[in-house]
Amino acid sequence: MPELKQLDDSFNKPKSLGTAADALQVHALWRQLKNRTVNDPDVKAAKNYAQAAPTDLEKRKRLRTYYEVYYQRMSALATTPELKVALQALKDTHQAILAQPRVRPSPTPELSGTPSPTPTSTPFKKKAKEKQKKKKVHK
């Protein structure tokens with residue numbers, strides 16, 4: 001015979017209505033958290049600071065900080081483990097968007113100790129025919 005605590009736990013667990021319904025429920029809880037968190041003064045300040053960045057690189061750095069603050073607040077208010085997992089996935093997605101894997105970053109001296117060599121361009125060489133054409137002067 002199972003203990004009383006085990007029986008209570010089995011009856012108090014909400015039954016799943018299916019994956020689509022569970023996803024919809026998590027989405028609804030996320031929207032409620034978003035509405036509560038978006039008006040938080042720290043979150044607003046972080047967003048305004050990110051929007052005021054002078055360069056694209058600086059804006060992406062500031063947005064990473066904003067997403068850290070934003071999702072930290074939401075995770076603190078989250079009540080279910082499923083919602084916390086969904087919040088972490090959303091945070092990872094938002095921060096992955098900020099990465100620019102196809103852009104080669106230019107290392108700065110304070111980050112990399114030694115300056116990187118700057119590629120030099122090769123001088124444009126004129127073909128022999130072009131040189132000859134310029135030498136010929138028609139009178």
Conditions (1) touching a Ser or Thr at 6+ places or on another chain (Cβ under 9 Å); (2) more than 17 Å from VAL26 (Cβ to Cβ) -> LYS47 fails only (1)
Expected output for segment 66-81 (first residue under 13 Å from ALA45 (Cα atoms), partner surrounded by 14 or more Cβ atoms within 10 Å (Cβ to Cβ) and of a type in the set (Val, Ile, Thr), Cβ below 7 Å, 6+ apart or cross-chain) is VAL69/VAL43; TYR70/THR37; TYR70/VAL43
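Looking at segment 16-35 only, could you name the residues that are among the charged types (D, E, K, R), out of contact with any Ser or Thr (no Cβ under 8 Å at 6 or more places or on another chain) and open to solvent by less than 90 Å² (accessible area, probe 1.4 Å)? Show your work before the answer.
Initial filter on segment 16-35 (among the charged types (D, E, K, R)): 22, 31, 34.
From what's left, out of contact with any Ser or Thr (no Cβ under 8 Å at 6 or more places or on another chain): 31, 34.
If the condition is that a residue be among the charged types (D, E, K, R), out of contact with any Ser or Thr (no Cβ under 8 Å at 6 or more places or on another chain) and open to solvent by less than 90 Å² (accessible area, probe 1.4 Å), then LYS34 is the only one that fits.
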VAL38 vs (1) modelled with pLDDT under 65; (2) open to solvent by less than 100 Å² (accessible area, probe 1.4 Å): all pass except (1)
Note to self: LEU111 - would you say it is among the aliphatic types (A, V, I, L, M) and at pLDDT 85 or above?
What the structure shows: no
Going through segment 50-85 in order, the residues found to be more than 20 Å from ASP22 (Cβ to Cβ), over 12 Å from the mean Cα position of the chain (by Cα) and of a type in the set (Asp, Glu) are ASP56, GLU58
Taking segment 59-84 and keeping residues under 16 Å from LYS34 (Cβ atoms), modelled with pLDDT under 90 and exposed (fewer than 12 other Cβ atoms within 10 Å of the Cβ) leaves THR79
Output for Cβ contacts, cut-off 8 Å, separation at least six or different chains, first residue over 18 Å from THR79 (Cα atoms) and of a type in the set (Lys, Arg) in segment 34-50, second modelled with pLDDT of 90 or more and part of a helix (DSSP H, G or I), reads LYS47/TYR66; LYS47/TYR70
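The values are calculated or read from the model by the stated rules, or taken from the named source; none is laboratory data. In this text, all values refer to a predicted model and were calculated from it rather than measured experimentally. Using ideal geometry, Cβ is built from the backbone for each residue, glycine included, and neighbour counts are taken over all protein chains shown. Side chains are part of the model used for accessible areas, which takes the heavy atoms of the whole protein and leaves out ligands, DNA and RNA. Shrake-Rupley method; radii C 1.70, N 1.55, O 1.52, S 1.80 Å.
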